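Report on one structure; see the data block that follows.
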Amino acid sequence: MDRSRVPLLLSPYQNRPWMVNDGAAAAAAGGSKGLKGIVAGGITGGIEICITYPTEYVKTQLQLDEKGANKRYNGIVDCVKKTVNERGFFGLYRGLSVLIYGSIPKSAARFGAFEYLRSKSVNSQGQLSNSGKLLCGLGAGVCEAIVAVTPMETIKVKFINDQRSANPRFKGFAHGVGEIIKAEGISGIYKGLSATILKQGSNQAIRFFVMESLKDLYKGDDPNKSVPKLLVGAFGAVAGAASVFGNTPLDVVKTRMQGLEASKYKNTADCALQILRNEGPAAFYKGTVPRLGRVCLDVGITFMIYDSFMEVFNKIWKD
């Protein structure tokens with residue numbers, strides 16, 4: 001046998017490096033990373049939302065609140081106090097079931113998409129460029145917006161909005177969703193899709209960029225250096241704060257487009273113009289303080305839990 005040909009037999013990709021990077025071998029690795037991200041992300045989403053939901057409830061109520069005679073709340077404390085007085089402590093968890101049903105697929109789609117895109121974008125040292133961090137985060141945000149966030153957020157906002165009326169119509173998750181679809185069709189749970197894609201895309205682009213950059217800064221010249229979980233949580237809180245200041249105006253527009261009074265807006269641009277004309281620029285930052293608290297806590301906890309599960313999966317679930 002011509003021994004010069006042995007390496008070719010042992011390694012069919014040796015003279016075909018493009019197959020390692022772009023072919024079936026790369027697809028298998030990328031798919032495995034994506035699947036790990038889906039499972040770890042789904043578990044993370046379910047745990048995280050149970051911890052942080054009351055702040056999401058208060059933020060949404062304040063964003064739905066308008067000026068003038070229809071104004072109901074004078075800030076965060078007043079909103080919490082009136083909700084507890086009227087409906088008890090668990091009134092702050094009104095609509096939680098909607099987010100439980102939605103948070104698992106949302107987080108699974110986000111992290112699954114990010115891990116898959118990351119596996120296709122890293123360099124030979126396993127690191128992402130700055131543009132790669134932004135693009136992978138953007139892709140993750142767009143994916144979660146389409147798969148889970150838009151229907152989940154629309155239903156959640158309609159449920160919370162329904163509670164503001166004297167005689168709430170929705171008797172539970174299944175009944176509420178049925179009523180929305182009966183009245184508005186399937187498109188009724190996809191209100192504000194473009195605003196949600198803009199919001200989630202920018203959200204995740206900012207968060208993953210900041211998170212990955214801070215991790216890289218901590219690791220220095222050692223890409224395999226482990227980042228302590230508490231530090232991961234702190235990095236997540238910083239990433240969350242950056243995303244809040246970056247896209248709260250989009251969040252306000254999205255919330256209005258998904259409320260029960262969304263029909264008074266022609267589209268996302270018209271909604272933004274009406275808010276600016278009727279309520280002024282400050283209205284675009286309604287709910288920033290409760291959102292800041294919720295998001296920093298949310299993103300910090302999310303990345304801590306997610307990193308913990310991925311660490312375990314990488315040990316017991318081999319590519």
Once the Cα atoms of helix 76-87 and of the chain are each reduced to a long axis, what angle between those two axes, in degrees from 0 to 90 to the nearest 10, is obtained?
70
Listed residue (Val253, Tyr265, Val227) projecting farthest to the positive dipole end of the stretch 219-272, Cβ model:
Tyr265
At 1.4 Å probe size, with every protein chain present, just tell me what the per residue accessible area of the chain comes to in Å².
48
Residues in the stretch 227-262, backbone N under 14 Å from the label point at Ser165 (7 Å along the Cα-to-beta-carbon vector): list them, ranges by number please.
259-262
Accessible area in the full protein assembly, largest first, 1.4 Å probe, for Tyr190, Tyr265
Tyr190, Tyr265
Running a GNM on the chain with Cα contacts under 10 Å, which residue among Ala269, Ala242, Ala109 ends up with the highest mean-square fluctuation?
Ala269
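Can you sort Lys120, Lys81, Lys286 by 1.4 Å-probe accessible area, starting with the largest? Display every interim value, and only then the final one.
On the way: Lys120 90, Lys81 115, Lys286 40 Å².
Greatest to least solvent exposure: Lys81, Lys120, Lys286.
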With r defined as the distance between the Cβ atoms of Val312 and Lys71 and R0 fixed at 45 Å, what FRET efficiency is calculated, to the nearest 0.05?
0.40
HN-Hα J couplings of the stretch 205-215 from phi, Karplus 6.51/-1.76/1.60, θ = phi - 60°, integer Hz, Gly and Pro as x?
4, 5, 5, 5, 4, 5, 4, 5, 5, 5, 4
Net +/- balance of residues flanking Gly188 in space, Cβ distance below 15 Å, scoring K and R +1, D and E -1:
0
With T = 10 °C, eta = 1.306 mPa s and Kirkwood Rh from C-alpha pairs, the Stokes-Einstein D of the chain in µm²/s is about 75
Restricting attention to the alpha-carbon atoms of the stretch 222-283, what are Rg (one decimal) and Dmax (integer), both in Å?
18.2, 55
Per residue of the stretch 111-117, what does 6.51 cos²θ - 1.76 cosθ + 1.60 with θ = phi - 60° give for ³J(HN,Hα)? Whole Hz please, x for Gly and Pro, Karplus curve as stated.
6, x, 5, 4, 5, 5, 5
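Working with all protein chains in place, sort Ile47, Ile186 by solvent-accessible area computed with a 1.4 Å probe, largest first.
On the way: Ile47 75, Ile186 105 Å².
The ordering from most to least exposed comes out as Ile186, Ile47.
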Acute angle (nearest 10 degrees) that the helix 268-279 long axis makes with the longest principal axis of the chain, alpha-carbon atoms
40
Take the Cα pairs of the stretch 77-178, get the Kirkwood Rh, then feed it into Stokes-Einstein at 10 °C and 1.306 mPa s and tell me D in µm²/s.
99
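Can you send over the carbon and sulfur percentage of the accessible area for the chain, probe radius 1.4 Å, protein chains only?
Working: 9610 of 15380 Å².
Here it works out to 62 percent.
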Over the stretch 125-257, volume per residue of the alpha carbon convex hull, in Å³
134
Cα-projected label distance for Val84 with Leu230, points at 7 Å along beta-carbon direction, nm
2.9
For the chain, the longest principal axis of the Cα atoms and the Cα long axis of helix 24-64 enclose an angle in degrees, to the nearest 10, of 20
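The values are calculated or read from the model by the stated rules, or taken from the named source; none is laboratory data. Just so it is clear, the model here is predicted, and its values are computed rather than measured. Every residue, glycine among them, receives a Cβ derived from its backbone with ideal geometry; neighbour counts consider all protein chains shown. Ligands, DNA and RNA are stripped out before the accessible areas are found, and what is left, the full protein with its side chains, is counted by its heavy atoms. Shrake-Rupley method; radii C 1.70, N 1.55, O 1.52, S 1.80 Å.
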